[in-house]
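Have a look at the structure below before the remarks.
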Amino acid sequence: MISEKVLKAFNDQINEELYSSYLYLSMSAYFESKNMRGFANWFRIQSVEENMHAMKFFDFVNQVGGKVTLKQINAPKINWKSAMEVFKETLAHEKHITAQIHKLVGIANQEKDYASQSFLQWFVNEQVEEEANVQDLIYKLEMIGDNKGGLYMLDRELGARATGQ
Ligand code: OFO
């Protein structure tokens, strides 16, 4: 049985993950409006993955006998100045999520909740990968600078991303 403290923190995290999904979908819409379909594809898949993260918490809470309580999802930002700005905000957002996951681990430790500690390890590892992937794309965008050909090539690369990558 999950403690009230862990349950509240996990329900809050479901909202964080759903907001992440909404934010990345908004970024996808922004790139669609700029006809940058590869970038739009990358963020659309990112959005689906965040929804899956929310569902992992959803399923876990149910499995351990807790009650999922959904809350309002805040409206995301809708406009950015450049692809670089989008990715810098994505990295900042992922760092925020990493900090939240680490807080959850701390709460699970305090509560001596071993099942939740084990469950959260997947997210700890996932965050390392997510931050590294976004940082890598920022380095590529830095290299590209104002070179439109480079941006076109990156758009093609991101267009090839399929679910689960
Ligand atoms: Fe982008 O990460 Fe969820 O947890």
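One table, with the values for the structure above:
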item	result
Relative contact order %, the range 4-159, counting alpha carbon pairs below 8 Å whose residues are six or more apart	30 percent
Whole-number accessible area per residue in Å² for the chain, which is evaluated in the context of all protein chains at 1.4 Å	55 Å²
Pair Thr163, Lys103: separation of 7 Å Cα→Cβ label points (nm)	3.1 nm
Percentage of interatomic Cα-Cα distances in the range 78-165 larger than 21 Å	45 percent
Rounded tilt (10° steps) of 148-159 against the dominant C-alpha axis of the chain	40 degrees
Residue among Ile138, Ile78, Ile97 with the largest mean-square fluctuation in a Gaussian network model of the chain, springs linking Cα atoms under 10 Å	Ile78
Most fluctuating residue given options Val128, Val86, Val48, as computed from a GNM of the chain linking Cα atoms under 10 Å	Val128
In degrees, nearest ten, helix 114-144 long axis to first principal axis of the chain (Cα)	10 degrees
Signed unit charges on C-beta, dipole axis of the chain, positive-most listed residue Gln117, Phe87, Pro76	Pro76
Accessible surface of the chain, 1.4 Å probe, proportion on carbon and sulfur as whole %	55 percent
Mean Cβ count within 10 Å, highest first, over the residues of peptides 24-32, 67-75	24-32, 67-75
Neighbourhood charge, 14 Å Cβ-Cβ cut-off, centred on Ala132 and excluding it, Lys, Arg +1 and Asp, Glu -1	-4
Under the Karplus curve 6.51 cos²θ - 1.76 cosθ + 1.60, θ = phi - 60°, whole-Hz ³J(HN,Hα) for the range 88-96, x wherever Gly or Pro sits	5, 6, 5, 5, 4, 5, 5, 5, 4
Student exercise, the range 10-124 dipole from Lys, Arg, Asp, Glu Cβ charges, in Debye to nearest 20	260 debye
Size descriptor, Kirkwood hydrodynamic radius, that averages inverse alpha-carbon separations across the range 100-143, Å	11.7 Å
In degrees, nearest ten, helix 4-33 long axis to first principal axis of the chain (Cα)	10 degrees
Radius, Kirkwood style, for the range 4-159 when every pair of distinct Cα atoms is counted (Å)	16.6 Å
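The values are calculated or read from the model by the stated rules, or taken from the named source; none is laboratory data. Keep in mind that this is a model prediction, so the values were computed, not measured. Counting neighbours? That spans all protein chains shown, and the Cβs are built from the backbone with ideal geometry, glycine included. Quick note on the areas: whole protein, heavy atoms, side chains included, nothing else; ligands and nucleic acids left out. Shrake-Rupley method; radii C 1.70, N 1.55, O 1.52, S 1.80 Å.
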